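The values are calculated or read from the model by the stated rules, or taken from the named source; none is laboratory data. Fair warning: this is a prediction, and the values are worked out from it, not measured in the lab. So basically every Cβ, Gly included, is an ideal-geometry build from the backbone, and we count neighbours across all protein chains shown. With ligands, DNA and RNA removed, areas are computed over all heavy atoms of the protein, side chains included. Shrake-Rupley method; radii C 1.70, N 1.55, O 1.52, S 1.80 Å.
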Amino acid sequence: MIRTSLAAFTERLAASVGDRGTLPPLTPSRIRIELLAGLTVALALVPEAVAFAFVAGVPPLAGLYAAFIVGLITALIGGRRGMISGATGALAVVMVHLVAEHGIEYLFATVVLMGVIQITAGVLKLGKFIRMVPHPVMLGFVNGLAIVIFLAQLEQFKVVNEAGEHVWMTGWPLILTLGLVALTMALIWVVPKVTKVVPAPLVAIGVVAALVIGFGLPVPRVGDLASIEGGLPQFHIPMVPLSLETLQIILPYAFILSAIGLIESLLTLNLVGEITGRRGGASQECVAQGVANLVTGFFGGMGGCAMIGQSMINVKSGGRLRLAGVAAALFLLAFILVGSSLIEQIPLAALVGVMFMVVIGTFAWQSLSILTRIPRSDAFVIILVTGVTVYADLAVAVIVGVIVSALVYAWKAASHIHARQVAGEDGQMVYQVEGPLFFGSTASFMELFDIENDPDRVVVDFADSRVVDQSALQALEDLAAKYEAAGKQLELRHLSRDCHRLLSRAGQLMVDSDDDPAYGLAVDYKVKLGRLGGSH
């Protein structure tokens, strides 16, 4: 009875924060799965957080504190169960310029402002606009991010030479590392076929770590990146001047980081939702990311967002509740406080092998086989977004992909407008227009009419069309002006409710008779000239 009540309460709590779907029952077996998934994620978070801290030019603990705080808060109140958040490379590459020019305190202030912006986006329900991202852009995002994750792991195959330079491994260290990576990947593939009691990545990390520690193999370990030992995060107000100059410095970075963080988080939310069968929660995720970054900025963290790699590790390890994300954050904190000496002995090869398997599972391999079967424009968008994600950043890639997709759609929609000419009553000519009238189709629309040879009265029937924007209004006025110059009259018929409101607001209609609310009758409207000030 208690277990049933607890499961029901957890489901209602999840629904209240936007992640709608049926929760698995909270049984001892489920709790074990969630905790082990969280432990696996925490182990994979350590080198990522440290590496991204180095990229941003901040101390390793700044990345680890961000992974803990952002991961904990988003796990508790985020829009999707199963998602993992923390310090990410997409944000780190932007932060490095700010830290280099102004110092780490300005970064903390920027992260606080970033959180405020993201909360505002969530309150304004802007997260819903992620629905406008086309599927080819999603495929490009997934493929690009998989490649980015792969390239990031290659840095673990470098060592520091006597001159303090990072150079590629050679000789036996390289052979041993590659062998351990291959062993890790093989274990992750084989273990689920034998047992699913323990997540395969956790088994692989444990086995490989035991081999390295037991035989003293000379391969890089987590401790070679940096020490992860530390205390609890301390409250810290960013030490920056409270001035307009400070705002001018941090505001552009805050907007860029907010955009990148939200785009990556919301796209990851959609991806995890497809795997787990969940929906909703986009705006809630914006708020959760904002709260997490706001808090992180006051506790010495570098900020963060959703992490697609760690999220994939979590869901593929069985994590379906918020418990897994909370456990991952708490395990990470335990590593910092009391377990650093043990965690620092884990070979990087094991964690690289885990991430390589994430890359294989994340990359949308079917997108390669469908490139020749889908429209060329969609194939181009997939390749474009993938490339821009790798060579620029995620936010630019998604924006470019959406813009290109929108332009392609506009071009196709513009080419579909046409009209049938039907002789009407009293010798009038009726043009039955099909297809939307908007900025992309106005030129084609104007070419539909034979002004010189048309009769004195012409009716444009919009039963199968829509007047969409100002360009369409201007086209109607220009067409009416041409007919008037020829001594003829132009009228509009069968306007839908939204089209009628649009033209009425523009003051472009003269209603000759009472409007029929259901548009069951053919009511004709004359066009008032000069209401839009001409076309130039």
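For the chain, the residue among Ile237, Leu351, Leu371 whose Cα projects farthest onto the positive side of the dipole built from Cβ charges is Leu351.
The packing ranking of peptides 412-424, 173-185, highest mean first, is 173-185, 412-424, where packing means the average number of other beta carbon atoms within 10 angstrom of each residue. Peptides 122-128, 37-43 ordered by packing proxy, namely the average of other Cβ atoms within 10 Å per residue, highest first: 37-43, 122-128. Accessible surface area normalised per residue over segment 132-220 is 53 Å², counting heavy atoms of protein chains with a 1.4 Å rolling probe. Rounded to whole numbers, the Karplus 3J(HN,Hα) couplings from phi for segment 416-430 are 9, 7, 7, 8, 9, 9, 10, 6, x, 6, 6, x, 7, 10, 10 Hz, using 6.51 cos²θ - 1.76 cosθ + 1.60 with θ = phi - 60°, and x at Gly and Pro. Specify the inter-centroid distance of segment 403-468 and segment 338-363, based on alpha-carbon positions, in whole Å. Each part's Cα centre sits 60 Å from the other's.
Whenever you get a sec, compute what percent of the accessible area on the chain sits on carbon and sulfur atoms (1.4 Å probe). Reported share for carbon and sulfur atoms: 65 percent.
Mind pulling the angle between the C-alpha long axis of helix 394-414 and the longest principal axis of the chain? Nearest 10 degrees, somewhere in 0 to 90. Helix 394-414 and the main axis of the chain meet at about 20 degrees. To the nearest 10 degrees, how steep is helix 470-485 against the longest Cα principal axis of the chain, on a 0 to 90 scale? The two axes meet at around 20 degrees.
Can you order the peptides 306-316, 277-287, 364-374 by their average number of other Cβ atoms within 10 Å per residue, highest first? Please report the intermediate quantities before stating the final value.
Values: 306-316: 26.9, 277-287: 22.0, 364-374: 12.4.
Result, highest mean Cβ count within 10 Å first: 306-316, 277-287, 364-374.
Computed from Cα positions, the angle between helix 348-362 and the longest principal axis of the chain comes to roughly 20 degrees. Full extension of the segment from Ser243 to Gln345, taken as 0.36 nm per residue of separation minus the current Cα-Cα distance, would add 32.1 nm.
For segment 106-161, chymotrypsin sites (Phe, Trp or Tyr not before Pro) meeting the loop criterion (DSSP other than H, G, I, E, B) and having at most 10 other Cβ atoms within 10 Å: none. Summarising the strand pairing of the chain, around 65 percent of its internal DSSP beta bridges are antiparallel.
Within the chain, how many Lys pairs that are eight or more residues apart, or on different chains, come under 27 Å at the alpha-carbon?
Lysine pair count for the chain: 8.
Summary value for the chain: 23 percent relative contact order, contacts being C-alpha pairs under 8 angstrom separated by 6+ residues.
The helix-based estimate of mean residue ellipticity at 222 nm for the chain, built from -39,500 (n - 2.57) per DSSP H run of four or more residues and divided by its residue count, is -20000 deg cm²/dmol to the nearest 500.
To the nearest 20 debye, what is the magnitude of the charge dipole of segment 323-439 about its Cα centre, counting +1 on the Cβ of each Lys and Arg and -1 on the Cβ of each Asp and Glu? Display every interim value, and only then the final one.
Details: 4 positive and 6 negative charges, 58 e Å.
Taking the Cα centre of segment 323-439 as origin, the dipole is about 280 debye.
Shown here for segment 146-182: GluC sites (Glu not before Pro) in loop regions (DSSP other than H, G, I, E, B) with at most 15 other Cβ atoms within 10 Å, namely Glu162, Glu165.
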